[in-house]
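Written out below as structure tokens is the structure these notes cover.
Computed from the coordinates by the stated procedures, all read-outs in this text should not be read as laboratory data. Note that this is a predicted model, so its numbers are computed, not measured. Counting neighbours? That spans all protein chains shown, and the Cβs are built from the backbone with ideal geometry, glycine included.
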Amino acid sequence: MAFETGRHKFAPGRIAKNYLFFDCPKINKANKGFRKFIFIITIFVRRRGIFKTTLIRTEQMKTVLLQIGKTSEKYISEGVDEFSGRIRKYTGFEIITIPDLKFTRNMPVAEQKLKEGEKICKLLNPDDYVVLLDEKGKEFTTIEFSQQIRKIFMLVRKRVVFIIGGPYGFSAEIYNRADLQLSMSRMTFSHQLVRLLFAEQLYRVLTVIKGDPYHHE
């Protein structure tokens, strides 16, 4: 028996507990025995006598932090740099900074948010999974957030983009584009301090997913 999907043909492999793994010789050879994370394993999961097909992505999508304006506080910048380095040991991570708008002293808040929104939209791809860091968003515990990140990484997307807006939040256009709104706390923090809090928390949940010793319940 064999199973075909797309360009590849999968032959039955080993059975482990309730999982029947299908091996693809072409993919195995190309990736030198599963040493590279650039493939998809197709498994049949047997539940109550019914076989279901599940696709498992082992290539994690790239993680991007998109923020408005340079970080002015040195301690925040140094902290973000420290956790960024740690995050990159687990997944591809990039910080994109949109320059602050100029001549905003007499600019209405609505107009400022609209212009920032336009700049954000230019940097988003159609298939990005977009998460807004917003005080009105959904709150998670660290464990719940790690579970949410697991689910996001399983999606067929190239990037997950976390966005920290300016001091006045986001335009309606950006809210409509978001796949998820995430709140770091019910308390209010400066949009720059949120950068450090988020970087630490992202590193923390990655250690939880990996099973490394950092987070303690």
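So, R0 is 41 Å and r is the distance between the beta-carbons of residue 121 and residue 217; what FRET efficiency does that work out to, to 0.05? Calculated transfer efficiency: 0.55. Once the Cα-Cα distance is subtracted from the 0.36 nm per residue extended length, the residue 158 to residue 187 segment shows a gain of 7.2 nm.
So between residue 179 and residue 142, what do we pick up on full extension, going 0.36 nm a residue minus the alpha carbon distance?
Values: separation 37, 0.36 × 37 = 13.32 nm, distance 1.95 nm.
That pair, residue 179 and residue 142, stretches by 11.4 nm at full extension.
Below 15 angstrom from the Cβ of residue 75, what's the summed charge of the other residues (Lys, Arg +1; Asp, Glu -1)? Could you put the intermediate results ahead of the total?
Working: positive: 70, 74, 195; negative: 73, 78, 81, 82, 200.
Within the 15 Å Cβ shell, the charges total -2.
Antiparallel versus total DSSP beta bridges in segment 126-217: what percent is that, nearest 5? Antiparallel: roughly 10 percent of the beta bridges in segment 126-217. Where the centroid of each part is defined by its Cα atoms, how far is segment 60-88 from segment 133-189 in Å? After rounding, the separation between the Cα centres reads 16 Å. Quotient of the Cα radius of gyration of segment 62-210 and 2.2 N^0.38 Å, N being its number of residues: 1.01.
Evaluating 6.51 cos²θ - 1.76 cosθ + 1.60 at θ = phi - 60° for every residue in segment 153-170, the Karplus couplings come out as 5, 7, 6, 7, 10, 8, 9, 10, 10, 8, 10, 10, x, x, x, 10, x, 10 Hz, glycine and proline recorded as x.
Quick one: which of 185-198, 90-103 comes out on top by average Cβ neighbours within 10 Å, and what's the full order, highest first?
Working: 185-198: 15.2, 90-103: 13.6.
Ranked by mean Cβ neighbours within 10 Å, highest first: 185-198, 90-103.
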